Every structure is written in structure tokens, then in C-alpha cells.
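Comments concern the structure below.
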Amino acid sequence: QVQLVESGGGLVQPGGSLTLSCAVSGHRFSFYAMAWYRQAPGKQREKVAAISSGGNTNYGDSVKGRFTASRDNAKNTVYLQMNRLIPEDTAVYYCNAGETRFGITHNYWGQGTQVTVSS
């Protein structure tokens with residue numbers, strides 16, 4: 001039904017920048033609360049950024065001031081701009097969409113994209 005496809009991951013040097021994109025299928029994107037999560041090997045999944053249907057954002061402490069989430073409702077796409085990357089940012093990054101309809105909350109997940117920060 002609702003599909004999310006992340007792109008933009010790759011290898012980047014410390015201090016560099018990378019922009020992730022998440023394309024969402026369907027006709028209800030503008031109603032979804034969107035979020036970015038990441039998970040490194042042996043670590044718990046961590047919420048790094050969220051952006052509401054109204055465009056309000058919040059960030060995890062570890063990325064605050066370095067990452068920026070945005071959305072383009074005309075393109076059904078959410079972005080994560082990552083600046084001043086450090087090796088600890090290395091992880092698989094996942095896109096998430098959430099909505100509540102008729103009292104039921106739905107969550108949709110992308111397949112993930114690898115980000116590696118290394119010299």
C-alpha cells in the first residue's frame with residue numbers, strides 16, 4: 001500500500017555533508033507525520049529527526065544543530081540534510097510515516113539507506 005523509498009546514502013568524510021531523500025507513495029502524504037531513524041550495528045534504533053504534517057521539527061540531542069529535516073508536499077518527499085558529519089553518524093537511516101485514522105495509528109517504514117562517515 002504505502003511505500004517509502006530512501007535514497008542519498010553513501011560514504012562521506014568526517015566534516016562533510018549528505019542529503020537523504022524519502023519518496024512516499026499514495027495520496028495522503030500531506031497528512032503524515034514524518035520521521036528519520038537510524039540504527040548502527042549492535043545499537044538500538046534512534047530517532048534523529050521528526051517533522052509534523054504542519055512542518056514543525058524536532059531533533060535528537062546527538063544531531064541537534066547539524067541535521068535539518070524538511071518536506072515538500074508537492075513531491076511527496078521528505079529530506080534530511082546532514083552537515084558536519086562525524087563517524088558516530090554511521091548507521092542505516094530509515095524513513096517513517098505515521099498517521100491516525102478512525103482511531104487507529106498506522107506506521108510505514110522505508111527499507112533504509114546506509115550512511116558511512118569515515119576517512
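The values are calculated or read from the model by the stated rules, or taken from the named source; none is laboratory data. Bear in mind that the values here come from a model prediction, so they are computed numbers and not experimental data. Glycine gets a Cβ as well: all are built from the backbone with ideal geometry, and neighbour counts include every protein chain shown. Heads up: the accessible areas ignore ligands, DNA and RNA and are worked out on the full protein's heavy atoms, side chains in. Shrake-Rupley method; radii C 1.70, N 1.55, O 1.52, S 1.80 Å.
Structure values in brief
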item	result
Qualifying position, being farther than 24 Å from residue 1 by Cα, modelled with pLDDT of 95 or more and either open to solvent by less than 70 Å² (accessible area, probe 1.4 Å) or part of a strand (DSSP E or B) (or both), among 81, 44	81
Considering residues of the stretch 1-37 that are small (Gly, Ala, Ser), open to solvent by less than 60 Å² (accessible area, probe 1.4 Å) and part of a loop (DSSP other than H, G, I, E, B) only, the residue farthest from residue 112 (Cα to Cα)	15
Selection within the stretch 47-65 - surrounded by fewer than 16 Cβ atoms within 10 Å (Cβ to Cβ), at negative phi and outside any strand (DSSP E or B)	52, 54, 56, 60, 61, 62, 64
Residue tally, condition over 15 Å from residue 73 (Cβ atoms) and of a type outside the set (Ser, Thr, Tyr), over the stretch 5-34	13
All positions within the stretch 84-108 that are more than 14 Å from the chain's Cα centre (by Cα) and either of a type in the set (Lys, Arg) or part of a strand (DSSP E or B) (or both)	84, 99, 100, 101, 104, 105, 106
Hits in the stretch 84-116 - residues which are acidic (Asp, Glu) and open to solvent by 70 Å² or more (accessible area, probe 1.4 Å)	88
